[in-house]
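Report on the following structure.
The values are calculated or read from the model by the stated rules, or taken from the named source; none is laboratory data. In this text, all values refer to a predicted model and were calculated from it rather than measured experimentally. Note: ideal-geometry Cβ built from the backbone for every residue, glycine included; neighbour counts use all protein chains shown.
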Amino acid sequence: MVALKLKIGSKGQVIIPKILRERYGMNEGDEVLIELCEDGILIKRKPSNEEIIETIRKIRGMVKDKKIEIKPGDLREISLEDSFYRANGREQRTKD
């Protein structure tokens with residue numbers, strides 16, 4: 001794991017280096033998600049509406065293929081963001 005030393009500005013802002021923004025697909029004006037973790041915070045790119053829709057389609061296809069019956073309330077505890085990252089082969093950090 002690589003650690004970068006960054007300074008927090010007077011308004012609490014941190015500049016994410018260009019190489020990291022490019023690597024994780026973060027562009028000017030994009031929204032990010034901040035997740036509280038045991039040892040700090042995790043900043044990640046918010047999935048686009050198109051990515052969310054595609055993830056829903058993948059999950060729907062998996063449910064259909066496995067012929068799983070879903071009843072109202074069964075999906076209440078499922079995080080769409082966690083599902084998005086799993087469906088796209090990305091590691092998702094667990095929440096406390």
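Every listed requirement among (1) loosely packed, with under 10 Cβ neighbours inside 10 Å; (2) modelled with pLDDT under 90 is met by Ile59 save one, (1). Selection within region 44-56: residues that are surrounded by 14 or more Cβ atoms within 10 Å (Cβ to Cβ) and among the aliphatic types (A, V, I, L, M). The member of this set that is nearest to the chain's Cα centre (by Cα) is Ile52.
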